[in-house]
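Single-structure report; data block below.
The values are calculated or read from the model by the stated rules, or taken from the named source; none is laboratory data. Keep in mind it's a predicted model, so treat the numbers as computed, not measured. Cβ: placed from backbone, ideal geometry, glycine included. Neighbour counts: every protein chain shown. Heavy atoms of the whole protein, side chains included, go into the accessibility calculation; ligands, DNA and RNA do not. Shrake-Rupley method; radii C 1.70, N 1.55, O 1.52, S 1.80 Å.
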Amino acid sequence: MTAELNEAVAGAQAGDEEAFRFLYRSLQPALLRYLTALVGADAEDVASEAWLQISRDLPSFTGGEFRAWVVTIARNRAMDHLRRQRRRPSVPVPVQALNDLAADAMSVPYDGKRGVHEQSAGFTAQPEWDFA
């Protein structure tokens, strides 16, 4: 398998789509299992990012163990993904809460002067001055 993989790498570096397809089909299943262990349900997204980088950087691959190179790229993409998740955590919101929020916004009467979000926040578009 290593000889076939080395030939496919050389072919893919030369622009042979069939050789790249062979690399993808040979390595993707194991790569996806590895990424699933690292990032869970987002493994396919991370794998696609990894394959984009692999295809972009393939001409600069100079030798060595190709599988290790691919796994290193995938691990780096997984770590980037996990860092991104920690920086921007997502909080699941029940659908009913969104429906209630929309209903609340729609229950505010429109006075023709202010935007909906200004009305719901209690802001006025222009201050009302009392000079009397």
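Just wondering, is there one or more residues in the range 48-62 that are among the acidic types (Asp, Glu), open to solvent by 60 Å² or more (accessible area, probe 1.4 Å) and modelled with pLDDT under 95? No, there is no match, as no residue in the range 48-62 is among the acidic types (Asp, Glu), open to solvent by 60 Å² or more (accessible area, probe 1.4 Å) and modelled with pLDDT under 95.
The selection criterion, being modelled with pLDDT of 95 or more and touching an Asp or Glu at 6+ places or on another chain (Cβ under 8 Å), holds for Ala19. Of the listed requirements (1) in contact (Cβ under 8 Å) with a residue 60 or more places away in the chain; (2) crowded, with 16+ Cβ neighbours inside 10 Å, Asn6 misses just one: (2). Total residues in the range 12-29 satisfying the condition of being part of a helix (DSSP H, G or I), more than 15 Å from Leu52 (Cβ to Cβ) and open to solvent by 40 Å² or more (accessible area, probe 1.4 Å): the figure is 7.
Within the range 73-93, restricting attention to residues that are among the polar types (S, T, N, Q) and either at pLDDT below 95 or over 15 Å from Ala50 (Cβ atoms) (or both), which residue is least open to solvent (accessible area, probe 1.4 Å)? Break it down into steps so the answer makes sense when it comes.
First pass over the range 73-93, keeping only residues among the polar types (S, T, N, Q): 76, 85, 90.
In the following step, the residues that additionally are either at pLDDT below 95 or over 15 Å from Ala50 (Cβ atoms) (or both) were identified as 85, 90.
On the way: Gln85: 83, Ser90: 105 Å².
Within the range 73-93, the match that is least open to solvent (accessible area, probe 1.4 Å) is Gln85.
Note on the range 44-75: residues that are free of Cβ contacts under 8 Å to residues at least 12 places away in the same chain and more than 20 Å from Gly15 (Cβ to Cβ) total 5. Tell me, please, whether a residue that is hydroxyl-bearing (Ser, Thr, Tyr) and at pLDDT 70 or above can be found in the range 109-120. No, every residue in the range 109-120 fails to be hydroxyl-bearing (Ser, Thr, Tyr) and at pLDDT 70 or above.
Let's see how each residue does on (1) at positive phi; (2) more than 22 Å from the chain's Cα centre (by Cα):
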| position | (1), (2) |
| --- | --- |
| Ala8 | no, yes |
| Gly15 | yes, yes |
| Leu38 | no, no |
| Ala43 | no, no |
| Val71 | no, no |
